[in-house]
Each structure stands twice: as structure tokens, then as C-alpha cells.
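Asks: Can you read through this structure? Questions will come right after.
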Amino acid sequence: MSIPFEVEATNRSARLGRLSTPHGVVETPVFMPVGTVASVKGVSQDILEELGVQILLGNTYHLFLRPGVEQVRQLGGLHRFMAWPRAILTDSGGFQVFSLNELRQVSEEGVKFRSHLDGSSHLFTPESAMEAQIGLGADIIMAFDECTEHPADRERVRQSMELTLRWAERSKKHFEAHKHEVPWSKNAKRSGAIQTDQTQALFGIVQGGMDAAQRKESAERTIEIGFPGYAIGGLSVGEPRAVTREVVEATVQHLPADKPRYLMGVGTPEEIVEYAGLGIDMMDCVLPTRAARHGLLFTSEGRVSIKQARYASDQSPLDANCGCRVCQRYSRAYLRHLYAANEVLAQVLNTVHNLSFYLDTMRAVRHSIALGNRS
Ligand SMILES: [Zn+2]
């Protein structure tokens, strides 16, 4: 279950790498836009390609509820269903059900939860989360974990970490037994567009709360189980940003240098640069897309809240240093008007710019790692 990953250059802790998935190469450090229900809200796949998106994230919880895993599997898997030929990563659903709070119940077996759509009852186990992710057919899938709440005392963090470790073993065992059932596999009964000997890659997730010693132990024991990549989970759960950084730093040093490292669910443009500097290879966050829908735009000169009246007559582009199709064509005044008029186009254009800004930021990070290595 290997996924070829080469570190091409390093600059202090930062790494420039190439991750070769069954659906194309991903240059790292990479920012992965979130396409919750097989759609990056408001942006069509051809524009995502034009922006240079190499890998998208899909949410298993949402796709499991709607349109359903079996439906997607019958349609050839997520790539074919959403007409996205490049790489996809799905989360295990663990974090999503964690966010449901009162609607969930955790046991050794798994997590019982109620759908936020219709209140129907479901059970996610490590086995069923693997089955769902194999059926969806992303290139990279995640072990089923418990995202420890914050704050949590030491004993609670330990119990939760131990549960995640047991679930990681069960996830791997089920994945190894069923990995050839992926819709695009050569061995799959149903024929898809792409047929390959490659399988999906299952990543393990390090938990351990905000405690450096437990993070270290979680990392070491997850590595013992053995995965082709490792994620740092359980962050962005309400802790201060300085703590997030400390935990990332305390965890990343225990992860193997030759495997991709994925920091789940972060951050602002400044933060993703910082985490890449700490040696993180992959990141995802709803921030650029969600903020865009609320009129909050990231630019080379700081944040712009486009809803403000001060932009009503501003004929300049949103970001004079941005080469995206939005900044090349439209004025701040027009974007402000679209937002005020609640036009769908406001969401589309704002999202395209914010994603472009994030992707450009990562491109610049990769460039600087490459240059730093030569000098
Ligand atoms: Zn732009």
C-alpha cells in the first residue's frame, strides 16, 4: 500500500516533494481545497484545474449520507462521478461526526450518530469507514480516529489516544483485506475509466491532545502499525493558535522523513506558510472557501472585507499582485456590488480568488524551498 513520495529538496525543516498518486503527481507542500459533497462550493472543476489544484478533499460523512457510497461506487467512484481526473483525498468521517456533539455516541465498536439532514441513525466503525472510503475511491484515505475534544484532561487524552490506536489497527486490517475493491482498480469487478495496479493509500492519524509526550507516544505507536503517510489530527478544535503551532512542532519531529505528513484542518495563509516551514507536506482548510462566501478575501496586502461601503467606488482590482481571472477582470466596486446584491456570482468570484491566493502562496513556498536548497 505504498504511495511513491520523493523529497526533492529541503530548506531547514521545510521539504519540497512529489507525491505520485494513481491520479497524478502532487507537488508538496500542497494546499488541498475542500470539496465537501464532491463540489468545491461555487467553483467548477475546469476552473479548479486552471487554478492548478492537484488534489481535492472530499468528506466521507457528507458523501455517505448524500448521495450515498453505493451510488458513487456504481457510478465509477468519486473521480468519475464528479469528473475530476486528478487526485482526491477523503477524510474518515471521524472528525465530522465528532463535530455533531449531542448527536453522537462513542463506544469501542465505533461512533453512533444521527444524520444532520434527516435525523436517521448510523454507525461508523473503522471497518465501515474503510468500506465507505474504498467505495468512494479517493487516492488517499484516512484511518478512522477519535478527535479528542479540547480541553481534555490527561487521562481522557490517553483513553482517546488508545482508542484511536486500536481503531488504526482495525482500519489497516480491513483496508488490506479489501483494497482491491476500489472502483478504478484493475481487479475491481466493475470496469472504470482508469484501470491500474495501484491501490489507494491509507494514512494513519496521530492524536494525543495538546500534550507533547502523548503526541510523541501516539506518533511512535502509529508508525509501529505502519502507514505510507501520517496525519496530525485533533488540532483546530478551539485551542489557541500558539498551542497549535507547539503541538505541530512537537509531533512532526517524530514522523518519518521519507513519508508524507498531513496537517488536518488548518489554517490562515500565514499559518500554512509557517506549517510548511515546520516540515508539513499537506494541508486542507475550509477557510479560503468559507471566508469567500462571507465576503472575506485574502490579498497580498492583507484581508479585505468586500462588503464594506468604502469599496463602492473603488475601481482597482481586488489584489493588484494577483494573476487570477477575477483580479484580471473585475473591480472591487463590482465585487462589492455583487456581494451587497447577494448575487451567486459574488460567491463564485470570491472563492476563485481566495483559492488562487492560497495556491499561489504554496507555489511561492515551494519555489523558495527549491531556491534555498541551491544556495
Ligand atoms: Zn485574485
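Asks: If you go through segment 37-59 one residue at a time, do you hit one that is within 21 Å of HIS178 (Cα to Cα), surrounded by 14 or more Cβ atoms within 10 Å (Cβ to Cβ) and within 17 Å of the chain's Cα centre (by Cα)?
Replies: Yes, some residue in segment 37-59 is within 21 Å of HIS178 (Cα to Cα), surrounded by 14 or more Cβ atoms within 10 Å (Cβ to Cβ) and within 17 Å of the chain's Cα centre (by Cα).
Asks: Of all residues in segment 77-119, which are part of a helix (DSSP H, G or I) and not basic (Lys, Arg)?
Replies: Listed by number, the residues that qualify are LEU78, HIS79, PHE81, GLY94, PHE95, GLN96, VAL97, PHE98, ASN101, GLU102, LEU103.
Asks: Within segment 303-313, track down each residue that is surrounded by fewer than 17 Cβ atoms within 10 Å (Cβ to Cβ) and more than 14 Å from the ligand (Cβ to nearest atom).
Replies: Across segment 303-313, the qualifying residues are SER305, LYS307, GLN308, ALA309, ARG310, ALA312, SER313.
Asks: Provide a single number: the residues in segment 298-325 that are touching a residue at least 60 places away in the same chain (Cβ under 8 Å) and under 11 Å from TYR358 (Cα atoms).
Replies: 1
Asks: It is to be established whether one or more residues within segment 215-225 are out of contact with any His (no Cβ under 6 Å at 6 or more places or on another chain) and closer than 24 Å to HIS367 by Cα.
Replies: Checked against the condition, which is being out of contact with any His (no Cβ under 6 Å at 6 or more places or on another chain) and closer than 24 Å to HIS367 by Cα, segment 215-225 yields no hits at all.
Asks: Can you name the condition, by its number, that VAL286 falls short on among (1) within 23 Å of ALA129 (Cα to Cα); (2) buried (at least 22 other Cβ atoms within 10 Å of the Cβ)?
Replies: (2)
Asks: Go through segment 271-320 and report how many residues are over 23 Å from PHE203 (Cβ atoms) and of a type in the set (D, E, K, R).
Replies: 8
Asks: Still on this model: Would you confirm whether or not segment 148-155 contains a residue that is surrounded by 23 or more Cβ atoms within 10 Å (Cβ to Cβ) and either in contact (Cβ under 8 Å) with a residue 40 or more places away in the chain or among the basic types (Lys, Arg) (or both)?
Replies: yes
Asks: For segment 290-375, which fully contained helices (runs of 4 or more DSSP H) count at least 1 residues that are touching a Phe, Trp or Tyr at 6+ places or on another chain (Cβ under 7 Å) and closer than 26 Å to VAL266 by Cβ?
Replies: Because the criterion is at least 1 residues that are touching a Phe, Trp or Tyr at 6+ places or on another chain (Cβ under 7 Å) and closer than 26 Å to VAL266 by Cβ, the helices (runs of 4 or more DSSP H) in segment 290-375 that meet it are 344-374.
Asks: Name, by its number, the condition in (1) more than 10 Å from the ligand (Cβ to nearest atom); (2) surrounded by 14 or more Cβ atoms within 10 Å (Cβ to Cβ) that does not hold for CYS324.
Replies: So the condition that CYS324 fails would be (1).
Asks: Do any residues in segment 16-33 that are on the phi > 0 side of the Ramachandran plot and modelled with pLDDT of 95 or more have Cβ atoms under 7 Å from those of residues that are part of a strand (DSSP E or B) and not hydroxyl-bearing (Ser, Thr, Tyr), where the two are at least six apart or on different chains, and which pairs are they?
Replies: These pairs meet every condition: GLY24/ALA87.
Asks: Next question, about the same structure. Scan GLU239, GLU181, GLU176 and give me the residue that is out of contact with any Phe, Trp or Tyr (no Cβ under 9 Å at 6 or more places or on another chain), surrounded by fewer than 21 Cβ atoms within 10 Å (Cβ to Cβ), closer than 29 Å to ALA291 by Cβ and not hydrophobic (A, V, I, L, M, F, W, C).
Replies: Sole residue among the options that is out of contact with any Phe, Trp or Tyr (no Cβ under 9 Å at 6 or more places or on another chain), surrounded by fewer than 21 Cβ atoms within 10 Å (Cβ to Cβ), closer than 29 Å to ALA291 by Cβ and not hydrophobic (A, V, I, L, M, F, W, C): GLU239.
Asks: Applying the selection to segment 346-370, what residues are more than 15 Å from the ligand (Cβ to nearest atom) and without any contact (Cβ under 8 Å) to a residue 60 or more places away in the chain?
Replies: Hit for segment 346-370 is HIS367, nothing else.
Asks: Assess whether THR90 counts as being of a type in the set (Ser, Thr, Tyr) and in contact with a Leu (Cβ under 6 Å, 6 or more places away or on another chain).
Replies: The answer is yes for THR90.
Asks: Among ILE272, ILE280, which is the only one that is crowded, with 22+ Cβ neighbours inside 10 Å, under 16 Å from the mean Cα position of the chain (by Cα) and closer than 16 Å to PHE5 by Cβ?
Replies: Answer to the check: ILE280.
Asks: Assuming TYR339 fulfils every condition listed in (1) away from the ligand (no atom under 12 Å from the Cβ); (2) under 22 Å from the mean Cα position of the chain (by Cα); (3) surrounded by 18 or more Cβ atoms within 10 Å (Cβ to Cβ) apart from one, which condition is it?
Replies: Evaluating TYR339 over (1) away from the ligand (no atom under 12 Å from the Cβ); (2) under 22 Å from the mean Cα position of the chain (by Cα); (3) surrounded by 18 or more Cβ atoms within 10 Å (Cβ to Cβ) leaves (2) as the failure.
Asks: Still on this structure: Looking for whichever is surrounded by fewer than 23 Cβ atoms within 10 Å (Cβ to Cβ) and under 22 Å from GLY204 (Cα atoms) here; the options are VAL106, VAL97. Which one fits?
Replies: VAL106
The values are calculated or read from the model by the stated rules, or taken from the named source; none is laboratory data. Just so it is clear, the structure is predicted and the values come from calculations on it, not from any experiment. Cβ: placed from backbone, ideal geometry, glycine included. Neighbour counts: every protein chain shown.
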